[in-house]
Amino acid sequence: MNPLLVVDDITKKFGGFLAVDGVSLSVDAGEIHAVIGPNGAGKSTLFKLLTGVYTPTRGTVEVSGTAVTGMRPHGVARAGLVQVFQTSSIFPRLTVEESVATSLLATSGMSMSLRRRDWVRLRDEVASLLGDVGLLDEARSIAAALSHGDQRALEVAVALGCRPSVLLLDEPTAGMSPFETERMVALIKTLREVRGVTIVLSEHDMDVVFGLSDRVTVMHHGQVLRVGSPVEVANDEQVIAVYLGGERV
Ligand SMILES: Nc1ncnc2c1ncn2[C@@H]1O[C@H](COP(=O)(O)OP(=O)(O)O)[C@@H](O)[C@H]1O
Ligand SMILES: [Mg+2]
């Protein structure tokens, strides 16, 4: 099987500082892949290189066999690689269903002069996405008024509106209560099972990493320290040394 996402030697220099240093990564279709590492390891910068927010100093990114290196984020999204972003800054006044509909409309290139059957399809698709993320009851709520956990779920639904093959989540459980964290973990599993989405996430909560991931990449000082199953990584001496070094996991 060919991997869905192939990253080769991706590198980002900020001035003289190598934030991401020759990272290679390959993720299979349907895989849930965690990127972990201490604070400042380069995880968020790596994600921004993958989605075209940053232009790499060196290296390439391929999605479903399409080279996306150097493309702008909307081009990368069209190729199927989409990152979940905070919608609170994008859609504060829209309702939950309007936010998701906007995302679907933007992706499909449909105009607002839709025919009746397009409206029906759009309505059904919005309902299906809201059902998957557990927000059907909040469809008419204003996005900005949702609880933190519900806002994160809406962000996932909006990203899914772009019909990604690979979804990137940078610290999806940050700032969440244990209950909200559990719900996010269940949601990520559902996305893989129901929608067949391949997922790459960065995460500092090791219970989440162990509960979700097929494989884990450990980053340290911008480089890949180790790739393996959660158990392999957790028992690796170098990985343990990095985490016992007093740096935040
Ligand atoms: N835009 C930037 N300019 C300069 N340095 C940056 C920039 N973004 C991140 N860095 C630095 O790159 C390193 C990696 O940061 P980041 O990717 O945010 O790490 P992580 O997400 O693993 O915590 C850090 O030392 C950070 O200070
Ligand atoms: Mg980060």
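The table below lists the values:
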quantity: Net charge contributed by nearby residues that have their C-beta within less than 15 Å of Thr69 (K/R +1, D/E -1); calculated: +2
quantity: Whole-angstrom gap from region 174-249 to region 113-132, using each part's C-alpha centre; calculated: 34 Å
quantity: Excluding exposed DSSP-loop trypsin sites (Lys or Arg not before Pro) (at most 14 other C-beta within 10 Å), longest clean stretch of the chain; calculated: 141-247
quantity: Partners for Lys43 among lysines (Cα-Cα distance below 21 Å; same-chain residues under 8 apart left out); calculated: Lys12, Lys13
quantity: Gyration tensor verdict on the chain (Cα atoms; rounded if a/c is under 1.5, prolate if a/b is larger than b/c, oblate otherwise); calculated: prolate
quantity: Under the span-like rule (Cα at least 15 Å along the axis, Kyte-Doolittle mean at least -0.5), DSSP H helices of the chain; calculated: 96-108, 116-133, 148-160, 178-195
quantity: Value of [θ]222 nm, deg cm²/dmol, for the chain, DSSP H segments ≥ 4, -39500 (n - 2.57) each, nearest 500; calculated: -11500 deg cm²/dmol
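Any read-out appearing in this document is the output of simple, stated calculations on the displayed coordinates, not a laboratory observation. Keep in mind that what you see is a predicted model, and the values were worked out from it rather than measured. Here the Cβ is made from the backbone with ideal geometry for all residues, glycine too, and neighbour counts use every protein chain on show.
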